[in-house]
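Asker: Sharing a structure with you now.
The values are calculated or read from the model by the stated rules, or taken from the named source; none is laboratory data. Note that the structure is predicted; figures quoted are calculated from it, not measured. For neighbour counting, all protein chains shown are included, and Cβ atoms are generated from backbone atoms with ideal geometry for every residue, glycine included.
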Amino acid sequence: AKDKPWGGRFSESTDAFVEAFTASIPFDKRLYRHDIQGSRAHARMLGKTGLLNTTEVEQILSGLDEIEQLAEKGELDWKISLEDVHMNIEARLTDRIGIAGKKLHTGRSRNDQVATDVRLWLREQMDGISHELRRLQHALVDLAERETDTILPGFTHLQVAQPITFGHHVLAWFEMLQRDFERLQDCRKRLNVMPLGAAALAGTTYPIDRLYTAELLGFDYPARNSLDAVSDRDFAIEFTAAASLIMMHLSRFSEELILWTSAQFDFIRLPDRFCTGSSIMPQKKNPDVPELVRGKSGRVFGHLFSLLTLMKGQPLAYNKDNQEDKEPLFDTVDTLLGSLRAFADMMPHVQPKPEKMRQAAMQGFSTATDLADYLVRKGLPFRDAHEVVGKAVALGVETGRDLSEMRLEELQHFSDIINADVFAVLTLEGSVAARNHLGGTAPEQVKRQVQIARRLLSAN
Ligand code: ARG
C-alpha cells in the first residue's frame, strides 16, 4: 500500500483481492464529470480564500479540463489500484501538473467529496427524470383530450362496474404522475444541500468559504452539521422511494395496457414498433414494453430496501458501507429513466378501439346504479331502490338481457314508479353525462380537467 495516495503509514502492499474487493472505480467512474465539477469549485474557493495562489488554481482548472476531455473520449485509463474515481482523478491531475495537483485535496476529504458528487449527479438525473415524466404527462393529456367522450366500462374487482369516459381514465393516470412530479420536486429541496467543507467528519482547520463553494455548485446552502453531511444518504433513499412510487404507478398502468391489448378485452392497439413477436407462434404480438416495465418495478423496490438496510446500522459518521449506495442508486435512475422514456414515446401512439370499449360497457349491467339513482329521484329510499334494481338485474342475468333491453312493463313489475323516461338514464351516454360534478366522469368535466392539467404542466 506504499504506492497508494494514503500509503504513508502502511508497510506492505494491499492484497490483490482486497484491492479489487474494496475498489469502487468499476462503477463510480460514472461520477467523473461531477467529481471534476466539485473539484473545480473547491479549487476556486481555495483560490478566493488565499489557500492556493492564482497560478495553482489555473493549473488545477486546466488540468481538470484535460482529464475531463480524456474521460469524455473514453481514453482515461481508470486504475483499480487507485480505488475510486476521486483518487484516480487526483492522481492523474498530479501526474500532469505536479505540486499544484497535490494541493487540491487541502481542506477536503473523500467523505465530503463523494457525498457532494452523488448529490450533484443525482440532481442532474432528477431533472432528466422530471423532464421525461412531464413528457409522459403531456402525452396523457393529449390522449384524454382526444377521448373525452369515448365510453368504456369502469371496473371494480375487475368486474364491470359503471360506464366511464376514456379521457377520465387517462386523467387518473395523469394525477398519479402529477403527485410523482411534485414528490421529486420536494425531494430535490433536501438533496440540494452541500456536504463539501465537512471534510472527513469534523470540518477543517483551514479558513474555507463554504457559501462561495455552494454558490458555485448551485447548492441552496452548505450542510449545517459536518457529521450529518458526510454520513447522510437520506436524499438517495427518498429519491428511490419516489422512484418506487413512479415505477409502481407505471406497473399498474402497464397491467391495464397488457389486459387491454389482449383478445379478451381488445380495447386498444399498440403500435407494432413497441411490440415483439413469438419465435414459435406466428400470430403473436406481445406487449413487451409494458411487461418489462411491470417487471422492472421490482428492481427499484429492491434498491429502496437495499439502501434502507445499508444505512440502518451505521454509527456516525462515514463508513465504507456507504460505497454500496452507488450501484442501487445508479440502477434506480437507469431503470426509471428507461421506463419513463418508453412510456412517453409509446403513449402518443396508443389507439383506442371505441366500439370494443362500448360493447364491453354494455355488458355487466353497468347502468344498474343509474336505475337506482332514478328511483331515488322519484322518492324511493336508496336501500329500497338497490333491492328493486337487484331483482331487475337477476331477471337480466336469467334472460341474457341488459336493463335497457327490457320492456317498460317488465321494469314496472319491479316498481310502479318507473316511467318511459327511465330509458334515458339507462343509456351509456346518459350515465356518464349525469356524473357532472368536480371529479366526475362526465365529458364536460373531463374537458375542464384537461384544461386544469394543461395549466399544471405549464406551471413548470
Ligand atoms: N469510494 C468511497 C465511497 O464511495 C469514497 C469515500 C471513501 N472514503 C474513505 N474514507 N474510505 O464511499
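Asker: So which helices (runs of 4 or more DSSP H) are wholly in the range 338-423 and hold at least 2 residues that are touching a strand residue (DSSP E or B) at 6+ places or on another chain (Cβ under 9 Å) and among the hydrophobic types (A, V, I, L, M, F, W, C)?
Answerer: Helices (runs of 4 or more DSSP H) meeting the threshold: 354-362.
Asker: Being in contact (Cβ under 8 Å) with a residue 40 or more places away in the chain and surrounded by 17 or more Cβ atoms within 10 Å (Cβ to Cβ) is the filter; apply it to the range 103-112 and report the residue that is nearest to the ligand (Cβ to nearest atom).
Answerer: Per the criteria, the residue is 111.
Asker: Here is a follow-up. Just the residues that are out of contact with any Asp or Glu (no Cβ under 6 Å at 6 or more places or on another chain), within 16 Å of residue 168 (Cα to Cα), touching a residue at least 40 places away in the same chain (Cβ under 8 Å) and outside any loop (DSSP other than H, G, I, E, B), please, taken from the range 439-460.
Answerer: 445, 446, 447, 449, 453, 454
Asker: List pairs: first in the range 410-438 and at positive phi, second of a type outside the set (A, V, I, L, M) and in a loop (DSSP other than H, G, I, E, B), Cβ under 8 Å, 6+ apart or cross-chain?
Answerer: none
Asker: Now for a different question. Which of the following residues is within 13 Å of the ligand (Cβ to nearest atom), of a type in the set (A, V, I, L, M, F, W, C) and at pLDDT 95 or above: 100, 115? Give the steps one after another, and end with the answer.
Answerer: On the way: 100 fails: within 13 Å of the ligand (Cβ to nearest atom).
Exactly one residue qualifies, and that residue is 115.
Asker: Just need a number here: residues in the range 4-61 that are closer than 20 Å to residue 206 by Cβ, within 16 Å of the ligand (Cβ to nearest atom) and surrounded by 14 or more Cβ atoms within 10 Å (Cβ to Cβ).
Answerer: Counting residues in the range 4-61 that are closer than 20 Å to residue 206 by Cβ, within 16 Å of the ligand (Cβ to nearest atom) and surrounded by 14 or more Cβ atoms within 10 Å (Cβ to Cβ) gives 4.
Asker: Taking residue 312, is it touching a residue at least 40 places away in the same chain (Cβ under 8 Å) and of a type in the set (Lys, Arg)?
Answerer: no
Asker: Can we say residue 149 is more than 16 Å from the ligand (Cβ to nearest atom), under 21 Å from the mean Cα position of the chain (by Cα) and in contact (Cβ under 8 Å) with a residue 40 or more places away in the chain?
Answerer: Values: more than 16 Å from the ligand (Cβ to nearest atom): yes; under 21 Å from the mean Cα position of the chain (by Cα): no; in contact (Cβ under 8 Å) with a residue 40 or more places away in the chain: yes.
No.
Asker: Of the residues 133, 120, which single one is within 16 Å of the ligand (Cβ to nearest atom), assigned to a helix (DSSP H, G or I) and assigned by TED's automatic domain parsing to the domain that holds residue 241? Walk me through how you get there before you give the answer.
Answerer: Numbers: 133 fails: within 16 Å of the ligand (Cβ to nearest atom).
None of the other options fit; the residue is 120.
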